[in-house]
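Just below is one structure, and these are the notes that go with it.
The values are calculated or read from the model by the stated rules, or taken from the named source; none is laboratory data. Everything numeric in this text was worked out from a predicted model, so none of it was measured. So basically every Cβ, Gly included, is an ideal-geometry build from the backbone, and we count neighbours across all protein chains shown.
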Amino acid sequence: MRLTLKTFQLLSALAFLNLAIAQSDSIKHIQNTPKKVKNVILMIGDGTGLAQWSAAQATIPQKLQVFSLAQYLGLSMTSSSNDYITDSGAGATAFSIGQKTYNGAIGVTKDTHPEFTLSERLHVKGKATGLVSTCGLTHATPASFYAHQPSRKLDKQIANDFYGGFIDVAIGGGLKFFDTAKLRESGHKVYVGHSNLDQINDNHFVSFYDTNEHPPKFLNGRGDFERKASMAAIRNLNQNKNGFFLMIEGSQIDWGGHENDSNYVISEVMDFDSTIAEVINWAKIDGETLVIITADHETGGLSLIGYDKKNNKPAMHFSTGHHSGIPVPVFAYGPGSELFAGVYENTEIHDKILQLLQMSKKD
Ligand code: MG
Ligand code: ZN
């Protein structure tokens with residue numbers, strides 16, 4: 001058949017029309033079927049700024065897991081209500097209640113009023129809730145998800161807020177602040193010792209690393225506790241058919257920063273990164289789990305000012321023993337992860353999670 005100009009024009013017009021229909025179809029398809037988020041895992045590397053990630057990256061030939069697995073990247077601005085430099089109480093409370101509050105606050109507003117945390121809101125909506133921490137469970141970051149206290153120093157009162165609360169599964173340290181009889185009364189099995197995390201099969205439990213206030217540093221033999229604890233929490237929380245919300249904290253990256261100890265920082269980041277790999281690989285198979293990896297703030301004002309070939313790590317210069325005000329990366333994987341691209345306040349991480357679960361602050 002000879003292609004006349006006229007048939008050619010007609011064919012092109014048809015092709016264009018088809019393309020346009022196909023495009024509008026696919027747009028409609030995307031708009032009509034928002035990807036469902038069933039589970040949310042919020043991973044907080046306490047004190048982990050871009051320099052901490054980059055220092056760890058420079059010690060290995062392959063890409064960090066978080067760098068290769070995350071789908072979207074954003075930046076979180078970390079100031080608190082009363083200070084450009086946040087502490088971990090205000091930093092975690094920004095995530096848990098979606099409001100800026102004062103340094104030292106635990107689950108309360110800047111006027112010290114208790115406000116519902118994400119864990120509480122989601123528990124009421126039928127989600128199972130969990131916490132995993134490589135420090136004591138009454139420490140500022142995990143505490144901000146279940147307690148409502150005017151000061152992070154009130155460990156006993158913080159522990160008291162756990163009983164009869166909304167956390168189904170908690171794994172970390174801090175046994176000395178808890179009354180195990182009260183934990184059992186509130187329906188939690190209590191485990192002391194970290195060797196049997198694989199075998200726990202319970203809807204409600206608290207597992208303490210040992211009798212010390214905090215689990216040890218990774219460099220001092222913590223082993224695969226962070227990974228095992230995270231996967232034990234996920235396995236048990238996932239029994240709930242309505243999904244779960246889990247906060248996992250790499251707590252001691254911050255402590256390495258406070259001590260200006262480069263090996264402490266790098267080893268804790270690497271441990272956190274291998275936990276991220278296990279968590280995302282689980283989420284990949286699950287398909288309905290959003291994983292967010294971020295920090296409450298940067299610690300140490302770290303800069304990388306050269307490379308130390310002898311020790312196979314960057315030359316790391318800490319400019320402070322405290323936190324800094326630089327925004328921190330937010331990595332996201334899974335359904336809804338595109339919402340975490342951009343530059344925003346830390347409180348918006350809370351808001352985006354609620355939005356993806358089709359809830360508002362009034363729920
Ligand atoms: Mg912390
Ligand atoms: Zn700190």
Quiz item: If you check I253 against the conditions, is it under 21 Å from G91 (Cα atoms) and touching a residue at least 24 places away in the same chain (Cβ under 8 Å)?
Solution: yes
Quiz item: Within the stretch 39-74, restricting attention to residues that are surrounded by fewer than 17 Cβ atoms within 10 Å (Cβ to Cβ) and over 25 Å from N263 (Cβ atoms), which residue is farthest from ligand 1 (Cβ to nearest atom)?
Solution: Q71
Quiz prompt | Unique match (being under 25 Å from S119 (Cα atoms), in contact with a Cys (Cβ under 9 Å, 6 or more places away or on another chain) and at pLDDT 95 or above) among S251, S337 | solution = S251
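Residues checked against (1) within 16 Å of ligand 2 (Cβ to nearest atom); (2) surrounded by 17 or more Cβ atoms within 10 Å (Cβ to Cβ):
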{"residue": "P314", "(1), (2)": "no, yes"}
{"residue": "G321", "(1), (2)": "yes, no"}
{"residue": "P327", "(1), (2)": "no, yes"}
{"residue": "L339", "(1), (2)": "no, yes"}
{"residue": "I349", "(1), (2)": "no, yes"}
{"residue": "L357", "(1), (2)": "no, yes"}
{"residue": "K361", "(1), (2)": "no, no"}
Quiz item: In the stretch 96-147, how many residues are polar (S, T, N, Q), within 19 Å of A295 (Cβ to Cβ), out of contact with any Cys (no Cβ under 9 Å at 6 or more places or on another chain) and within 16 Å of ligand 2 (Cβ to nearest atom)?
Solution: 4
Self-check item: Any pair with Cβ under 7 angstrom, 6 or more apart, that starts in the stretch 46-60 at a residue that is modelled with pLDDT of 95 or more and ends at one that is away from ligand 1 (no atom under 16 Å from the Cβ) and of a type in the set (K, R)
Solution: A55/K313; A58/K313; T59/K313
Exercise. Go through the residues of the stretch 158-167 one by one and say whether even a single one is hydroxyl-bearing (S, T, Y) and within 16 Å of ligand 1 (Cβ to nearest atom).
Key: no
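Residue-by-condition table, conditions (1) surrounded by fewer than 24 Cβ atoms within 10 Å (Cβ to Cβ); (2) at pLDDT 95 or above; (3) within 12 Å of ligand 1 (Cβ to nearest atom); (4) over 23 Å from Q358 (Cα atoms):
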| site | (1), (2), (3), (4) |
| --- | --- |
| K241 | yes, yes, no, no |
| D261 | yes, yes, no, yes |
| Y264 | yes, yes, no, yes |
| S274 | yes, yes, no, yes |
| A277 | yes, yes, no, yes |
| A283 | yes, yes, no, no |
| H297 | no, yes, yes, yes |
| G306 | yes, yes, no, yes |
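To keep it simple, each residue is scored yes or no on (1) crowded, with 24+ Cβ neighbours inside 10 Å; (2) part of a helix (DSSP H, G or I).
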{"residue": "S96", "(1), (2)": "yes, yes"}
{"residue": "K100", "(1), (2)": "no, no"}
{"residue": "T112", "(1), (2)": "no, no"}
{"residue": "S119", "(1), (2)": "yes, yes"}
{"residue": "L131", "(1), (2)": "yes, no"}
{"residue": "T134", "(1), (2)": "yes, no"}
{"residue": "T138", "(1), (2)": "yes, no"}
{"residue": "K156", "(1), (2)": "no, yes"}
Exercise. Inspect the stretch 247-256 for any residue being surrounded by fewer than 20 Cβ atoms within 10 Å (Cβ to Cβ) and more than 16 Å from ligand 2 (Cβ to nearest atom) and give the result as yes or no.
Key: no
Exercise. Restricting attention to the stretch 75-94, report how many residues are more than 19 Å from L50 (Cα to Cα), surrounded by 18 or more Cβ atoms within 10 Å (Cβ to Cβ) and not hydroxyl-bearing (S, T, Y).
Key: 3
Quiz item: So, in the stretch 107-158, of the ones that are among the small types (G, A, S) and on the phi > 0 side of the Ramachandran plot, which residue ends up farthest from the chain's Cα centre (by Cα)?
Solution: G126
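Let's see how each residue does on (1) out of contact with any Phe, Trp or Tyr (no Cβ under 6 Å at 6 or more places or on another chain); (2) surrounded by fewer than 18 Cβ atoms within 10 Å (Cβ to Cβ):
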residue	(1), (2)
K153	yes, yes
G173	no, no
Q199	yes, yes
N203	yes, yes
H214	yes, no
R222	yes, no
Quiz item: Inside the stretch 56-91, can you point out the residues that are in a helix (DSSP H, G or I), in contact with a strand residue (DSSP E or B) (Cβ under 7 Å, 6 or more places away or on another chain), away from ligand 2 (no atom under 16 Å from the Cβ) and not β-branched (V, I, T)?
Solution: L69
Quiz item: For residues in the stretch 281-310 being more than 16 Å from ligand 2 (Cβ to nearest atom) and among the small types (G, A, S), which is nearest to S79 (Cα to Cα)?
Solution: S303
Quiz item: Can you tell which of L219, L197 is in contact with a Ser or Thr (Cβ under 7 Å, 6 or more places away or on another chain), free of Cβ contacts under 8 Å to residues at least 40 places away in the same chain and either among the aliphatic types (A, V, I, L, M) or away from ligand 1 (no atom under 16 Å from the Cβ) (or both)?
Solution: L197
